[in-house]
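The values are calculated or read from the model by the stated rules, or taken from the named source; none is laboratory data. Keep in mind that what you see is a predicted model, and the values were worked out from it rather than measured. Cβ placement follows ideal geometry from the backbone for every residue including glycine, while neighbour counts extend to all protein chains displayed. To get the accessible areas, we keep the full protein, side chains included, count just its heavy atoms, and leave off ligands, DNA and RNA. Shrake-Rupley method; radii C 1.70, N 1.55, O 1.52, S 1.80 Å.
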Amino acid sequence: MSLATRDEELRELMDDPDCDPERLAATLHRFAVVNRLVSGWGRVYRSALRPHLVGLGRPARVLDLGCGGGDLVARLAGLARADGLDVEWTGVDPDPRAHEVAARWAAPGIRFRAVDAAVLVAEGERFDAVVSNHVLHHLGAELPAFAAASRALSTGPVLHSDIERGRLAYALYTVGITPFAGGTFLRTDGLRSIRRSFRAEELAAAIAAGEVRDPADAPSPWRIDRPAPFRLLARSVGHA
Ligand SMILES: C[S@@+](CC[C@H](N)C(=O)[O-])C[C@H]1O[C@@H](n2cnc3c(N)ncnc32)[C@H](O)[C@@H]1O
């Protein structure tokens, strides 16, 4: 198996509408542990999200697109609360099975909806920041539209975090996921996710493909950072 090229044809088990519902629910619940260990959002919150929310000097609204089991929303809400910030959090995911798991985190100031970004754009929604985690690698031809919609929904930062494809990430995940994988799709889907995920220069090209640039050679509105080992952060500024 080679990781030299992105394997976009690989399908994750959790994307099968007929997959085992118990394993799927266990996978979505366990994302909370895995995301905390690997996703690097503590650093992204401190370096990019918190400064923006503090600078607003008023209550803010933040959206997590493709929130899965909802754990990132709950985690960011906890961090912001500890910082004394007044933020209303919305997590959306078009998969009703994910929505059902995410809904357990619902609380005052935290809500979840089973819709995608296009619905929110059609509703005229606006947020002070838009984030996502592990969604970009999931997407095929929809990626440029997803990225463009995320900018259309934000008046501030847009931050999409994902894995960077690589042999070391693959090897470490193979070993590291073992204690957490029982009864879930985490092992198979995690490894497939790495094979589906981007390298920095690939993501830079793919995510900007839906942007209408005027003039045509204007710089991309997206920048790709590496905020933590094996992580990519696609950053932009919204125009809602
Ligand atoms: C690997 S899961 C990541 C879930 C969660 N963000 C996390 O980090 O645990 C990818 C999620 O993206 C969602 N998704 C797929 N296409 C989407 C789209 N066009 N808009 C929003 N979410 C989407 C899927 O339903 C799935 O829950």
Accessible surface ranking that places the most exposed of SER161, SER220 first, with a 1.4 angstrom probe:
SER220, SER161
Over region 125-240, average the accessible area per residue using a 1.4 Å probe and give it in Å², no decimals.
42 Å²
Helix-only mean residue ellipticity at 222 nm for the chain, each DSSP H run of n ≥ 4 adding -39500 (n - 2.57), per residue, nearest 500
-11000 deg cm²/dmol
Heavy atoms of ASP20: accessible area, 1.4 Å probe, square angstrom to 10
70 Å²
Within region 1-79, trypsin sites (Lys or Arg not before Pro) in DSSP loop having at most 11 other beta-carbon neighbours inside 10 Å:
ARG11
Taking protein heavy atoms only, a 1.4 Å probe, and rounding to whole percent, the accessible area of the chain owed to carbon and sulfur comes out at 56 percent
Which whole-number value in Å² is the accessible area per residue of region 4-103, probe 1.4 Å?
48 Å²
Two decimals is fine: what is log10 I(q)/I(0) at q = 0.08 Å⁻¹ for the chain, from a Debye sum with one equal scatterer on every Cα and no solvent?
-0.28
Between VAL54 and ARG187, Cβ-based FRET efficiency (R0 45 Å, step 0.05) works out to 0.70
